[in-house]
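Some notes on the structure that comes next.
The values are calculated or read from the model by the stated rules, or taken from the named source; none is laboratory data. It should be emphasised that the depicted structure is a prediction, and the values quoted were computed from it without experimental measurement. All Cβ positions, even for glycine, are placed from backbone atoms using ideal geometry, and neighbour counts span all protein chains on display. Please note that ligands, DNA and RNA were not included when accessible areas were found on the heavy atoms of the full protein model with its side chains. Shrake-Rupley method; radii C 1.70, N 1.55, O 1.52, S 1.80 Å.
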Amino acid sequence: MCGIVGFVGRMEAAPILLEGLKRLEYRGYDSAGIAIEQDGKIEIVKTKGRICCLDDMTDGGKKTPGTLGVGHTRWATHGEPSDVNSHPHRSMSGKIAVVHNGIIENYMELREYLRKKGFVFVSDTDTEVVAHLVDYYYKGDLLEAMVKAVNRLEGSYALGVVCADYPDRFAAVRKASPLIVGLSEEGNFIASDVTALISYTKRVVYLEDDEIVLVGREGIQAFNMNKEEIDKPVSEVTWNIDAAEKGGYEHFMLKEIMEQPAAIRETIRPRLKEGQVVLDDIQLTAADLQNFNRIVITACGSAYHAGVVGKYVLEELTRIPVEVDLASEFRYRQPIIDEHTLVVIISQSGETADTLAALKEAKRLGARTLSIVNVVGSAIAKESDDVLYTWAGPEIAVATTKAYSTQLTVLYLFALYAAGLLGTRPAAEISRLVQALEALPDQIEALLPACKPEMQRLAAIFYGCENLFFIGRNLDYAAALEGSLKLKEISYIHSEAYAAGELKHGTISLIDEGRLVIALCCQDRLFDKMRSNIREVKARGAVVMALATAQNKAIAESADQAVLVPETDPLFMASLEVVPLQLFAYYVASANGCDIDKPRNLAKSVTVE
Ligand code: F6R
C-alpha cells in the first residue's frame, strides 16, 4: 500500500525521491507526490496516477530544486484517488508538509478540534489533520511540535514531516507502520521499505513505535516521547540492489519463481547443523513446547495457505492439535486461547493489518507468539515473542511465490525441531525428513527448466477457460488453495479450490462439458481416491489436467493432460507441486495480457482492514 521516501543531503532531493517512489510502486498506489524545501519555502507537486506523471510534471525533478524533501505513493483509504487527496499535505500556514502511511483513527475528532481553532481543510484525508496539528503546536521547535502532535494521534502511522524553517533536517516517526532510516555519506533517508533506498545505502536504523527522529544532512538524532535523545543501533541490509531489479526477466513474478531454490536454501542453511535442525533464533525450549496443548496458526491470503500446509505437517510430526484461522476472522471471534497455546503468525511483509491485530489479540489473551516473517524489523516481527525469518529477500511481485515457499520451509523446520524436542518422532525418521528437506532446493532447481515450457504449453491451451476447479486431498488440498489464488489474482479468471472428497456434496453440479479441473494427485496414499474423483468429473464432461509424482505416471491414463513432479516425502510435496501451479498462473495471465506484477486493485502489503 502507501509508500514513503525522504532525503536530505548533498544531492538534489527530487530525483532521489522519484527513484525511491518508483521502487515502491510494487506496493500498489493510485497517486503520488513530493514536497521539496528550498529557501524557506516548501514546493509540493502531486498528482493522481502513476509516478511517470510526476516525473513529467517535475521534468525528472529538475523543476523542483532543493536538497531536502519527502515523497509518497498513496493507496486511497480516506477520500477518493485525486490530486487534492494525494500526499504530501500542507498545513494552512504553508510551513509544514506531511506524508503519511497508516490510518489516523481519531481524525474526525481532531478535524473538528482544529476546525474550531480556525484551520481550513481542503482534502478528505485523515492525513491533513497531522499537517495542521503539527503546525498548531509548532512554536519554533519541530521536535516539541512532533511530540505534542503524536500524543494526540490514535491509529497507525509512519510520518515524514518537513518544516519550512528547518532547511537541514526533517522529522519522522512511526507507530505500527514500517519506517526505516538510511544513512550514507551523501545524506540521510527515510523509507517505508528498504527497496526505496538500497541503491544508495545498506546502513539502516529500524525505528520503534513512537520514536521521533530528526533526519539531518550530517546525521540523525532519535528521541523518545519525553524528548530524551536515544541511541539507535545501525544494521546492515544483507541483500543487494539486484534483488530488487528484474535482472533480465519480463516480470518480477517470474524472477521470483526462479529464485525459489536459492531462497529455500537460504532459509534452511543457517538452521541445519550436522544433520539436525537448530533454531538458534528462537527461545522456545522443550519445556515450553510440552506446555502447549494447542497451536493456532493465523495469517491472510497465501500466508494463510502456507498455514494450512503447516497444520498437516505440524500435527503429523508433533501430535499437537493445530488450528488455522484467517487473521481477519481470528481477531473478531474471541478465540479460546491462553498461556498453553502457541500462536504462529505468518506474514511476508510483517505489516498486514489484520495479521498484526491477530497477533496483538493473541498476546492479550496470554498466548506465546511465534512469527514467520520475511521483512526484517517489521511490526509483526517486533511484536512477537519469537521470530523465524524466511530470508527470501525482497519480494516485489504482488503475487507471492518465493515468500510462500520459504514460509512452507520454515514451517517444516519448526515442525521437525519441535518433533525432535518433544520426541514425538523417532530420531531416524527426523534425520530422513531433514535429508528430504535439504534436497528440496535441488529438486525445484531441476524441475524448473522442464516445467516452464510445459506450463507455457498448457497455458496456451487453457488460457481462455472460465470458472475452473482445483481439487486435492490432504496436503494436495492445501496446495490447491494456493494454486487457485495465484491464478485468480493475476489472471482474473475465477477458480475454486475444493477438497476433492467434498465435490459430491454440492459443487459437482457445477461440473459441465469442457469445465477445466486441475486435479492434484501428489499424495501417494490418496492417489486411487483422486483417480476416482477424476473419473467422477470426467463422466460429467470435465477436462482434467492432473499433477502427480513421477512414480504415478499412470495418471496419464486418467487425465487429459498430465504433469509429473519429482517426489519427496509426502509431507513436503506442496513445495514441489506449487511450482507448476505458479507457472501455470503466470503463463495464463501472460496469455491474457494481464499486468502480472501489479494486478488490478491489489497492494503488496495490506496495511488497512
Ligand atoms: C497472494 C498474496 C497475498 C498475501 C496476503 C498476506 O499472492 O501475496 O494473499 O499473502 O496479503 O500478506 P503478508 O504475507 O504480507 O501478511
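Observations on the model:
- Taking 18 Å as the limit for the C-alpha separation, the pairs LYS311/LYS382; LYS22/LYS48; LYS402/LYS598; LYS139/LYS227; LYS311/LYS604 exceed it in the case of LYS311/LYS382; LYS311/LYS604.
- Using C-alpha pairs under 8 Å with a sequence gap of at least 6, the mean separation divided by the residue count of segment 391-512 gives a relative contact order of 18 percent.
- Helix 527-538 axis versus longest C-alpha principal axis of the chain: approximately 80°, rounded to the nearest ten.
- Rounded Å value of the spacing that divides the Cα centres of segment 165-204 and segment 376-402: 20
- Per-peptide packing, taken as the mean over residues of other Cβ atoms within 10 Å, places 133-146, 402-415 in the sequence 402-415, 133-146 from highest down.
- Cβ-based charge dipole, the chain, positive-most Cα from GLY79, LEU576, PHE470: PHE470
- Value at 222 nm in deg cm²/dmol, rounded to 500, when DSSP H runs of n ≥ 4 in the chain each add -39,500 (n - 2.57): -11500 deg cm²/dmol
- Dipole magnitude for the chain: computed about the Cα centre from +1 point charges on Lys and Arg Cβ and -1 point charges on Asp and Glu Cβ, it is near 580 debye.
- Calculated over segment 53-92: convex hull of Cα atoms, volume per residue (Å³): 101
- Charge context of VAL322, other residues only, Cβ under 9 angstrom, K/R +1, D/E -1: 0
- Shape of segment 223-285, Cα gyration tensor, a/c cut at 1.5: oblate
- Per the Debye calculation on segment 142-232 with a single equal scatterer at every Cα and no solvent contribution, log₁₀ I(q)/I(0) for q = 0.13, 0.14, 0.18, 0.19 Å⁻¹ amounts to -0.39, -0.45, -0.75, -0.84.
- Rounded percent of accessible protein surface that carbon and sulfur make up, the chain, 1.4 Å probe: 48
- With a Förster radius of 30 Å applied to the C-beta separation of ASP560 and HIS505, the computed FRET efficiency comes to 0.75.
- For segment 385-452: rounded, prolate or oblate by the Cα gyration tensor [a/c cutoff 1.5]: oblate
- Taking every C-alpha pair closer than 8 Å and separated by at least 6 residues, the mean separation divided by the residue count of the chain gives a relative contact order of 12 percent.
- The smallest convex shape that holds all Cα atoms of segment 99-173, its convex hull, gives 87 Å³ per residue.
- Percent of beta bridges antiparallel (DSSP, the chain, rounded to nearest 5): 65
- Whole-Hz Karplus values for segment 303-313 come out as 5, 5, 4, 4, x, 5, 4, x, 4, 4, 5 Hz, taken residue by residue from phi with 6.51 cos²θ - 1.76 cosθ + 1.60 and θ = phi - 60°; glycine and proline positions read x.
- Among the protein heavy atoms, those of SER328 account for about 50 Å² of accessible surface (1.4 Å probe, every chain in place).
- Taken over the alpha carbons of segment 255-366 as equal point scatterers, the Debye sum produces base-10 log I(q)/I(0) values at 0.16, 0.21 Å⁻¹ of -0.86, -1.30.
- Across segment 1-119, the volume of the C-alpha convex hull divided among the residues equals 98 Å³ per residue.
- For segment 562-609, the orientation-averaged shadow of the C-alpha convex hull comes to 5.5 nm² (one quarter of the hull surface).
- Cα extents for the chain along the principal axes, largest to smallest and rounded to whole angstrom: 77, 54, 44.
- Cross-link partners of LYS504 among aspartates and glutamates, defined as those whose alpha carbon lies under 12 angstrom from its own and excluding same-chain residues fewer than eight positions apart: GLU536.
- Altogether, the Stokes-Einstein calculation at 20 °C and 1.002 mPa s, with the Kirkwood radius of segment 468-528 over Cα pairs as Rh, returns a diffusion coefficient of 182 µm²/s.
- Taking the square roots of 5 times each eigenvalue of the Cα gyration tensor of segment 319-476, largest first, gives ellipsoid semi-axes of 30, 23, 17 Å.
- Between segment 412-491 and segment 72-119, the alpha-carbon center distance in angstrom: 45
- For segment 410-569, the equivalent ellipsoid derived from the Cα gyration tensor has semi-axes of 30, 18, 15 Å, listed largest first.
- Residue-normalised accessible area of the chain, given per residue in Å² at a 1.4 Å probe: 37
- Surrounding net charge for ARG169, when Lys and Arg each add one and Asp and Glu each subtract one, Cβ distance under 11 Å: -3
- Anisotropy class of segment 431-509 from Cα gyration tensor, a/c 1.5 cut: oblate
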